[in-house]
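A.B. asks: Starting off with a structure, shown below.
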Amino acid sequence: MKLTDEHRSMLRQLWRHGAQSRSDLHGLMGVVPNRVGAAAAAMVQAGLLRECEAQPSGGGRPRVPLEIDPEQRHMVGLTIWPGMVGVARVNLRGGLVGKPVARMVSEDSDRLVEAAAGLLAKTINEKTMGVGVSIPGFIDPGSGRILSGVFVSAHDSLSLAPVIQRAGGLPVVIENDMHALAARWSLTHRAPAEQDVLLVNIADGALGAAVLIGGQPNRGCVSSANELGHMRYFVETDTCYCGQVGCLERVFSSEYLSRLDGADGVEAGALMVRLSRYRPGDEAVDVLLDYLSNGIANVANFIRPHRLVLVSELTRYPEASDVLTASIRRRLLGELVGRVRVDLWEQPVAHLAETAGWLALAGLYCEGWV
Ligand SMILES: [Zn+2]
């Protein structure tokens with residue numbers, strides 16, 4: 001079905017507030033009751049909404065609340081990652097439908113896009129409402145091309161046309177994987193659309209960020225994550241894949257930790273192990289947390305978000321995450337300290353196809369994503 005502005009408005013209210021009667025929706029949407037009735041009937045018919053059990057009202061006809069139907073329709077999430085493509089279906093409330101499918105593909109960029117398009121074609125059916133595609137690196141959404149990033153050399157770009165073509169006219173949201181993660185956080189936390197969100201994904205040697213302004217991704221001149229990981233310090237680190245030295249994501253890494261420890265080799269995953277056992281006084285870890293909190297606080301001071309969301313395995317280790325959040329707060333400007341809300345979110349894998357499915361849901365429930 002082709003969704004009208006009224007359909008979208010009703011879906012947004014039901015997402016935000018849960019089940020509502022037609023008369024409540026009339027109040028929330030500010031449109032006349034028979035328009036509410038017509039829009040509701042069309043969406044029940046199309047399998048987007050369903051009627052809940054009737055509830056007694058104080059005399060007169062019982063109220064029949066409407067809710068988003070999690071059983072009929074779905075979104076498809078597609079993720080393209082170096083050497084891997086994945087696909088998943090999520091229902092209209094974000095629940096996984098069936099099992100996600102992942103395929104290993106050679107890192108040849110054209111083969112990746114072909115494999116992604118093939119997987120998408122097998123997953124879409126007549127119940128699909130939309131598609132979300134999440135990709136690391138830079139994307140030009142206007143032309144549907146992946147720009148230089150982890151897939152293509154600096155002077156090249158890669159067309160997503162085969163993927164868009166296989167979507168067969170369904171709405172397609174193509175975004176960087178950090179924006180997909182921000183969409184998922186925003187929808188699952190029923191965050192008010194008018195609030196600005198700074199989401200920071202913290203992993204060993206990989207930092208990503210996304211900024212939502214008024215509920216919409218910060219577009220900039222090109223679509224990407226907000227490149228917090230390449231904020232540079234005058235620090236001798238390994239060379240970053242961006243070609244520079246001193247990038248924050250090279251500082252917050254097992255490699256730099258072992259450098260500070262004076263160790264001979266680098267143990268993969270050593271940083272998170274150390275953070276899991278962290279006690280104040282672990283000087284090398286304190287240095288890493290200091291740089292990280294400084295970078296995040298600088299960005300927060302610059303953007304003045306309502307919510308700062310830290311996404312990381314680190315949130316499982318309260319000793320370390322307390323030091324990090326306290327250190328960020330100490331570096332916020334006085335006027336911001338009481339206003340920026342800091343949330344921790346344990347959602348460790350950014351590039352899941354399921355998260356790309358939430359991107360498609362953002363296209364349905366939020367303005368400015370499609
Ligand atoms: Zn870098």
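A.B. asks: For the pair residue 219 and residue 23, what calculated FRET efficiency results from E = 1/(1 + (r/R0)^6), where r is the Cβ-Cβ distance and R0 = 41 Å, to the nearest 0.05? Write down the numbers at each step before the final one.
C.D. replies: Values: r = 38 Å, r/R0 = 0.93.
Efficiency computed from Cβ-Cβ geometry: 0.60.
A.B. asks: By the scheme Lys and Arg +1, Asp and Glu -1, what is the net charge of all other residues having a beta-carbon under 14 Å from that of residue 224? The partial results should precede the final answer.
C.D. replies: Values: positive: 145, 219; negative: 140, 175, 177, 227.
My count for the surroundings of residue 224 gives -2.
A.B. asks: Sequence gap at least 6, Cα distance under 8 Å: using those rules, report the relative contact order of the chain to the nearest whole percent.
C.D. replies: Values: 736 pairs, mean separation 62.7, N = 370.
It comes to 17 percent, rounded to a whole number.
A.B. asks: Cβ under 13 Å from residue 330's Cβ, residue 330 left aside: what net charge do those residues give with Lys, Arg +1 and Asp, Glu -1? List each step's numbers first, then the result.
C.D. replies: Numbers: positive: 329, 331; negative: 290, 322.
Once all neighbours under 13 Å are counted, the net charge is 0.
A.B. asks: While we're here: Provide the net charge surrounding residue 192, with neighbours chosen by a C-beta distance below 11 Å and charges set as Lys +1, Arg +1, Asp -1, Glu -1.
C.D. replies: Details: positive: 16, 190, 307; negative: 194, 196.
Overall, the nearby charge balance is +1.
A.B. asks: What angle do you read, to the nearest 10 degrees and between 0 and 90, between the alpha-carbon axis of helix 353-365 and the longest principal axis of the chain?
C.D. replies: For 353-365 against the chain, the angle is about 50 degrees.
A.B. asks: Let me ask you something else. Please identify every one of the GluC sites (Glu not before Pro) in the stretch 1-85 that sits in a loop by DSSP and has no more than 11 other beta carbons within 10 Å of its own beta carbon.
C.D. replies: Numbers: sites: 6, 51, 53, 67, 71; in loops: 53, 71.
Sparse-neighbourhood loop GluC sites (Glu not before Pro): 53.
A.B. asks: Then there is this: So which GluC sites (Glu not before Pro) in the stretch 200-261 end up in coil per DSSP with only 12 or fewer other C-beta atoms within 10 Å? Write out the running numbers ahead of the final one.
C.D. replies: Working: sites: 227, 236, 249, 255; in loops: 227, 236.
Passing sites in the stretch 200-261 are 236.
A.B. asks: Using only the C-alpha atoms of the stretch 189-345, find the volume of their convex hull and express it per residue in Å³.
C.D. replies: Working: hull volume 18.8 nm³, N = 157.
Per-residue hull volume (Cα only) is 120 Å³.
A.B. asks: Find the eigenvalues of the gyration tensor of the Cα atoms of the stretch 1-74, then list the square roots of 5 times those eigenvalues as equivalent ellipsoid semi-axes, largest first, in whole angstrom.
C.D. replies: Numbers: eigenvalues 73, 42, 23 Å².
Semi-axis lengths for the stretch 1-74 are 19, 15, 11 Å.
A.B. asks: What nm distance separates the two modelled labels at residue 273 and residue 2, each placed 7 Å from Cα along Cα→Cβ?
C.D. replies: 6.0 nm
A.B. asks: With n ≥ 4 as the cut-off for DSSP H runs, can you work out [θ] at 222 nm for the chain, using -39500 (n - 2.57) per run divided by the number of residues, rounded to the nearest 500? Don't skip to the end; give the middle numbers.
C.D. replies: Working: 13 runs with 138 residues, N = 370.
-11000 deg cm²/dmol, from helical runs alone.
A.B. asks: Then there's this: Relative contact order of the stretch 189-345, please, whole-number percent, based on alpha carbon pairs below 8 angstrom and at least 6 residues apart.
C.D. replies: Working: 257 pairs, mean separation 36.6, N = 157.
Worked out over the stretch 189-345, it gives 23 percent.
A.B. asks: Something else now. Rounded to two decimals, what is Rg over Rh for the chain when you use alpha-carbon atoms and the Kirkwood radius? Write out the running numbers ahead of the final one.
C.D. replies: Values: Rg = 22.5 Å, Rh = 22.1 Å.
Reported Rg/Rh, Kirkwood definition of Rh: 1.02.
A.B. asks: Report Rg (one decimal) and Dmax (nearest whole number) for the stretch 115-193, counting Cα atoms only, units Å.
C.D. replies: 13.9, 40
A.B. asks: Report the full-extension gain for the segment residue 337 to residue 156: residue separation times 0.36 nm, less the Cα-Cα distance, to one decimal in nm.
C.D. replies: Separation in residues times 0.36 nm, less the Cα-Cα distance, equals 60.8 nm.
A.B. asks: Same structure again: Is the C-alpha gyration tensor of the stretch 34-119 telling us rounded, prolate or oblate? Criteria: a/c under 1.5 is rounded; beyond that, a/b larger than b/c is prolate, otherwise oblate.
C.D. replies: Details: a/c = 5.79, a/b = 3.45, b/c = 1.68.
Cα axes put the stretch 34-119 in the prolate bin.
A.B. asks: For the chain, give me the percentage of DSSP beta bridges that are antiparallel, rounded to the nearest 5 percent. Don't jump to the answer; show the numbers that get you there.
C.D. replies: Values: 35 of 57 bridges.
Here the antiparallel bridges make up roughly 60 percent for the chain.
A.B. asks: What shape does the stretch 134-242 take by its C-alpha gyration tensor, where a ≥ b ≥ c are the square roots of the eigenvalues and a/c under 1.5 counts as rounded, a/b above b/c as prolate, and the rest as oblate?
C.D. replies: On the way: a/c = 2.23, a/b = 1.10, b/c = 2.02.
In terms of gyration-tensor shape, oblate.
A.B. asks: Round to a whole angstrom and tell me the spacing of the C-alpha centers of the stretch 92-158 and the stretch 188-264.
C.D. replies: 22 Å
Each value in this text was obtained by applying a stated rule to the coordinates, not by laboratory testing. Every value quoted in this text rests on a predicted model; they were computed, and no experiment measured them. Quick reminder, even Gly has a Cβ in these numbers, built from the backbone with ideal geometry, and neighbours come from all protein chains shown.
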